């Protein structure tokens, strides 16, 4: 994949690398285009569509979303783009090389598995799974069907992080003593409703729920705020935390899991959210202590986002070594 930072990726500049990495060994030329299908047409999905539009040898040939309004917006002014409300119909397209999955979290693994079964290569947004079991099955599917599955933890492709990882693992800064991994950004409460909210008529709720329960909707905003309800989302730990924890694993060279973990959290807002917005985890991995600190409480006195005092930062990894420290 073309090296890039996470910030630049979100602006669309990594689309070229994504397209090339998904189709290994393919000769790209004027008459040999990579055909992409985008599953999930919210802000992230439409961002992918717009990014691919700027590439000469890539075509977005299909989009899919249970929300027909979003799907129509993604296909607007793009002649010949097929629209399939049901992602299974998109996966049946014979001329499709790869898919980009930008659905709610609970669909990530299953959609990726189905795409592998259909012979498509996959780019799937983070978190790649709603549970560990789902993630394992996705990896098994990629191996079984010999498909490339790329995950949306884009910092793995950042040259600075790659160099940092090489230096730390080579012992340039001495032994790693401890790590503070954090995301300390503010969010507002999502509100509270007294009764279930009707699903908008432009959304097929059965398709949207997919493998998750079709429980009544208890949130003011149908889209996005599912992040903070357990059936569909994973809270801030699975939203921003996954980025910095993956950076940490990359830099320290982990290919396994911590030997000891304790975690606690709570939601301090009186709203319809269920996931913690104050979440602390303590881990130990081969003698290295790791503090994971994820919170999104706002300082109402100043209106500012929180940050670690000694870092003046709202996110990243503070890695203390014998010969110095790294803020990545």
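We did not get these values from a lab; they are worked out from the coordinates using the rules stated. None of the values given here were measured: they were computed from a predicted structure. No Cβ is skipped: glycine too gets one built from the backbone with ideal geometry, and neighbour counts run over all protein chains shown.
What to note about this one:
- Diffusion coefficient, µm² s⁻¹, Stokes-Einstein with Kirkwood Rh over alpha-carbon pairs of segment 62-123 at 37 °C and 0.692 mPa s: 275 µm²/s
- Cα gyration tensor, segment 199-245 - rounded (a/c under 1.5), prolate or oblate: prolate
- Taking 0.36 nm per residue of separation and subtracting the Cα-Cα distance, full extension of the segment from residue 68 to residue 325 would add 87.6 nm.
- Order of 219, 136 - criterion: other Cβ atoms within 10 Å of each residue's Cβ, fewest first: 136, 219
- Over the chain: Kirkwood hydrodynamic radius from C-alpha pairwise inverse distances, Å: 21.2 Å
- With the simple model of a label 7 Å out from the Cα in the direction of the Cβ, residue 260 to residue 220 spans 4.4 nm.
- The ranking of 140, 134 by Cβ neighbour count inside 10 Å, starting from the fewest, reads 140, 134.
- Of all DSSP bridge pairs formed entirely within the chain, close to 55 percent run antiparallel.
- Selected from 199, 128, 168 as most flexible by GNM, with the chain as the system and alpha-carbon contacts under 10 Å: 199
- Subtracting the Cα-Cα distance of residue 192 and residue 162 from 0.36 nm times their residue separation leaves 6.5 nm of extension gain.
- Residue of 290, 257, 60 that the Gaussian network model of the chain assigns the largest fluctuation, springs spanning Cα pairs under 10 Å: 257
- Gap separating the Cα centres of segment 200-271 and segment 72-104, nearest whole Å: 25 Å
- Cα-projected label distance for residue 95 with residue 297, points at 7 Å along beta-carbon direction, nm: 5.6 nm
- Mean ellipticity per residue at 222 nm, deg cm²/dmol - from DSSP H runs of n ≥ 4 across the chain, formula -39500 (n - 2.57): -7500 deg cm²/dmol
- For segment 108-176, the equivalent ellipsoid built from the Cα gyration tensor has semi-axes of 31, 12, 11 Å, listed from largest to smallest.
- Using R0 = 22 Å, the C-beta based FRET efficiency linking residue 280 and residue 137 works out to 0.15.
- The relative contact order of the chain comes to 16 percent, based on Cα pairs under 8 Å that sit 6 or more residues apart.
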